[in-house]
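Asker: Before we start, here is the structure in question, set down as structure tokens.
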Amino acid sequence: MLHIFVSLVVFTLGISAHAQSVADSATPIRNIKAADGFKVELLYSVPKPAQGSWVAMCHDDKGRIIVSDQFGGLYRFSPPAAGEMLKQSDIEAVPAKIRAANGLLWAAGALYVGVNDYERKFPSGLYRVTDSNGDDKLDKVEHLRELTARGDHGIHAILPGPKGTLYLITGNNTTPLKTQTSRVPMHWGEDHLLPRMPDGRGHNRDRLAPGGIIYKVSLDGKTWEIVSSGYRNIYDGGVNRDGELFAYDADMEYDFNTSWYRPTRINHVTSGSMYGWRNGTGKRPEFYPDTLPPVINIGPGSPTGVTFGYGAKFPAKYQDAMYILDWSWGKIHAVHLKPDGSSYTATKETFITGSPLPVTDVIIHPVDRAMYFTIGGRKVQSGLYRVTYTGKESTALVKHAPKQNKLTELRHKLEKFHGVQHKNAVTTAWPHLSHPDRFVRWAAMTAVMHQPVEQWRNRALGEKDPNKRVVALLGLCKVVGSDPKNRKPDAPADLAEVDRPTSNPIFKALSQVKWNQLDHQGKLTLVRTYQIALVRFGEPNSRAVAKIVGQLDPHFPAPDFEQNWLLCETLAYLQAPNTATKGIQLLNGAATQEEQIEYARSLRMLKQGWTMELRESYFNWFLKASNYRGGASFSKFIEFIRRDAETSLDAKSREQLKGLLAKKPKQKSPYEIMAQAMIGRNFVKEWKLKELSGVAKTKLKNRSFERGRKMFAAGGCFACHRFANEGGMTGPDLTGAGGRYSAHDLLEQIINPSKEINEQFVPVVVKMKNGDLITGVVVNMNGDRVTVNTDMFDPNQRVNINRPEVKSIEPSKVSPMPPGLLNLMREDEVMDLLAYILSGGDRNHSVFKK
């Protein structure tokens, strides 16, 4: 709804009113905006033919900065004095014969280098570079360990670890290594109850669990441990003052507007954590009990460099911030972490933005205490920038004494049992299996899973506390079962094979759990554990299946989407007879296309319980869904769901539905779709800001959450805006709008959308030197090629242009968001909508009825 935008990935424009002159130099300062009180200097425009495009950066023990060319070597230089710029002669080529560094870390008098050479001119892996003879030249290269990687989802950043160690970050196209130890229980599997649909465009179809991995490595490169897994393409991370590790993971933009889309996000890398990346539709949503939630969802983007602001000559708030770089949107976010239980929550703000500003890495320099960042990557124009604070707030160094709350201490106590076997582990961890803190609960479950199963198997099967039992049985399924999709052909029979009979005690133990004795998380865990048991042990006999259906079916539909997601999928798999009726009811009543797609995906394999009326409703949904919009693979996923649904038809039903199946969808414009959502509504009035703002002062209490959500959908807001992990990406994420806007300000944004356009969501006009005009947004850059998306509702409508032929890029002065969106809503509906947005999707917010 607010500020509709145009693309999957964008280089933001900042607030400059000037057209950008396109030349062979780094982005000029006039096209870069920084937070109030901060100054950005362009120190150096990198000559591409001589020094390439810079992607990684660190400083050595003498304060010199070392950078890497993504497809070339290393360079070293000292930062220039205040007010000065670097010259090409100031940049020294490092003599070490090494190339394609994606990660750099100076530690223990040596440069550690993570090489990811997808041009295959140099072996990828972890290296150490030193001075062989004391002449201050880095010339000796040691290959500590080779890693196999493919493309740019490979070997990335290197971070300082606990004493005598470092962390190595790897993306999901890096082949997992054999390590001496693993804090992650190595029982990973795909664990898809219904067949996974691979990416419609073929991306990473052959990549299975565990996904991206973070390793802890000794400085001599000889001892390796898996710390965390389940990432897509983490590029960098940071360690905070309390010694806690965080990583910035990538999204899969092709998935946008599907239920399995996961935004770029900050993850707390706790011991043994697993963040649930699987390819195609298999990504685990954050509410699954066999994954962990992020600290904060950032949104669409391309994560690159990360650093904490410790030591910066910045105000205290910014010294404590975590800085994350987004290559495609041209932004540096300041993330403000806040302890929450044994983990953290966070808020973010835009710290620096520019157009184009393909930011790649960032450091805080220990001598001048300034921030330095680079732009570049994929052979685009590179540059080096410095950020300093020129405001009036104090920049005195923040003094910090590491501290832990009681829950963090408890989590750390449990984590000591990860990767080791200890006689006290089960006794210590067991009481915490149902802990309300998810990270404590995870640490307890992981501690138990690392112990010999004979010590705790019977205890899990007989546990009296239902919330503990379901967690213990989840761990037991993982340990004694194995997913056939991940099992190697020559693997020995495991305990799952021995336990294959239809009287499997895990199913019996699960069936004894009373639904109403479980809390919300326990209910999710019960159903998810059934799913994993069915995957890893196979379907039990018909009597056992009937018992499972009898246990779950009375609670479907449930009050919330999370439970319905799991219940619908599980009952459809078991061919429960009521699932078609209930599932179609949910499908037709769902407000967002994400919810609709999830129900449609679950129902596609269902063969029982259908009437012709239900079948017609289901296949008519596909005609409607053909006009939905999403990422580049969106239409292929809809096609896959329909294909499976048609395959599930019997011959008689196929014949009866022949006309409907042959019917071609009518393509509608996005504005027609938005209008259709308001069918049956009459024009109410042309609402004025002053009138609605006055009403909001007294009538924003006791509002309806459900009606507010309905109005958010009816107004077309979900089509463009991300809200509480649903919705589009062509406008700002509104989840945190309540913390940024008053009711008056929010109404003004809706009623007068062009008065102030969010700089991140401004379309641009590209003027070519030959006089042509191209309107849209820049969605990618590679060398001198610039790709522009020209249709805000079709991510595949793109034009490639040659950057040297571009004369200028100017911002549009008109918001693509149409005015008048509230004019078909009654006063009480506008208030419900306003309350819904301000609540951030929290049903328990004070604006709603209790």
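The values are calculated or read from the model by the stated rules, or taken from the named source; none is laboratory data. What you see is a predicted model; the values in this text were computed from it and never measured. Methodologically, a virtual Cβ is constructed for each residue, glycine included, from the backbone with ideal geometry; neighbour enumeration extends over all protein chains shown. Protein only, heavy atoms only, side chains kept; ligands, DNA and RNA dropped before computing areas. Shrake-Rupley method; radii C 1.70, N 1.55, O 1.52, S 1.80 Å.
Asker: So how much slack lies between LYS624 and LYS607, counting 0.36 nm per residue of separation and subtracting their Cα-Cα distance, in nm?
Answerer: 3.9 nm
Asker: Among 196-204, 607-615, 273-281, how do they line up by average Cβ neighbours within 10 Å per residue, starting with the highest?
Answerer: 273-281, 196-204, 607-615
Asker: Please go through the residue pairs LYS33/LYS701; LYS216/LYS403; LYS582/LYS701; LYS39/LYS87; LYS413/LYS849; LYS140/LYS163 and name each one whose alpha carbons sit more than 30 Å apart in this structure.
Answerer: Pairs exceeding 30 Å: LYS33/LYS701; LYS582/LYS701; LYS413/LYS849.
Asker: Based on the Cβ-Cβ distance of SER808 and LYS87, what FRET efficiency does E = 1/(1 + (r/R0)^6) give at R0 = 30 Å, to the nearest 0.05?
Answerer: Once the sixth-power term is evaluated, E becomes 0.60.
Asker: Could you name the aspartates and glutamates whose alpha carbon sits less than 17 Å from that of LYS697, not counting residues in the same chain fewer than 8 places away?
Answerer: Partners found: ASP745, GLU748, GLU827, ASP828, GLU829, ASP832.
Asker: What 222 nm value per residue comes from the helices of the chain, counting each DSSP H run with n ≥ 4 as -39,500 (n - 2.57) and dividing by all residues, nearest 500 deg cm²/dmol?
Answerer: Calculated mean residue ellipticity at 222 nm is -7500 deg cm²/dmol.
Asker: With a length cut of 27 Å (Cα positions projected on each helix's long axis) and a Kyte-Doolittle mean of at least 1.0, go through the chain and give me the DSSP H helices that pass.
Answerer: Once both thresholds are applied, nothing remains.
Asker: What FRET efficiency would be calculated for the residue pair GLN180, THR130, taking the C-beta separation as r and a Förster radius of 25 Å, to the nearest 0.05?
Answerer: My answer for the efficiency is 0.50.
Asker: Quick one: accessible area per residue over the chain, 1.4 Å probe, rounded to a whole number of Å²?
Answerer: 39 Å²
Asker: Quick check on packing: order 285-291, 371-377, 520-526, 458-464 by the mean number of other C-beta atoms within 10 Å, highest mean leading.
Answerer: Highest mean packing first, the order is 371-377, 520-526, 285-291, 458-464.
Asker: How do 135-144, 533-542 rank on mean C-beta neighbours within 10 Å, highest first?
Answerer: The packing order, highest mean first, is 533-542, 135-144.
Asker: For the chain, what proportion of DSSP beta bridges, expressed in % and rounded to the nearest 5, is antiparallel?
Answerer: Counting DSSP beta bridges with both partners in the chain, the antiparallel share is about 95 percent.
Asker: What's the carbon and sulfur percent of the chain's accessible surface, probe 1.4 angstrom, rounded to a whole number?
Answerer: Of the solvent-accessible surface of the chain, carbon and sulfur hold 50 percent.
Asker: How high is the relative contact order of the chain, in percent, with contacts defined as C-alpha pairs under 8 Å that are six or more residues apart?
Answerer: Contact order relative to length: 14 percent.
Asker: Mind checking which lysines have their C-alpha under 16 Å from LYS121, skipping anything on the same chain fewer than 8 residues away?
Answerer: In chain and number order, the partners are LYS97.
Asker: Can you give me the distance in nm between label points at ALA662 and GLN512, each placed 7 Å from the Cα along the Cα-to-Cβ direction?
Answerer: 5.8 nm
Asker: So if the hydrodynamic radius of region 185-342 is defined as the Kirkwood radius over C-alpha pairs, what does Stokes-Einstein give as its diffusion coefficient at 37 °C and 0.692 mPa s, in µm² per second?
Answerer: Value of D from the Cα-based Kirkwood radius: 197 µm²/s.
Asker: Over all directions, average the projected area of the Cα convex hull of region 96-255 and note it in nm².
Answerer: 11.0 nm²
Asker: Hey, what's the Kirkwood Rh for region 104-182 if you take every pair of different alpha carbons, in angstrom?
Answerer: About 13.4 Å, per the Kirkwood formula over Cα pairs.
Asker: Which one, (1) 65, 38, 22; (2) 59, 44, 26; (3) 42, 37, 25, gives semi-axes √(5λ) of the Cα gyration tensor in Å as derived from the coordinates shown?
Answerer: Computed from the coordinates, semi-axes √(5λ) of the Cα gyration tensor in Å corresponds to (3).
Asker: Here's another thing I want to ask about it. Which lysines, if any, have their Cα less than 19 Å from the Cα of LYS399, not counting same-chain residues under 8 positions apart?
Answerer: Output for LYS399: LYS313, LYS317, LYS338.
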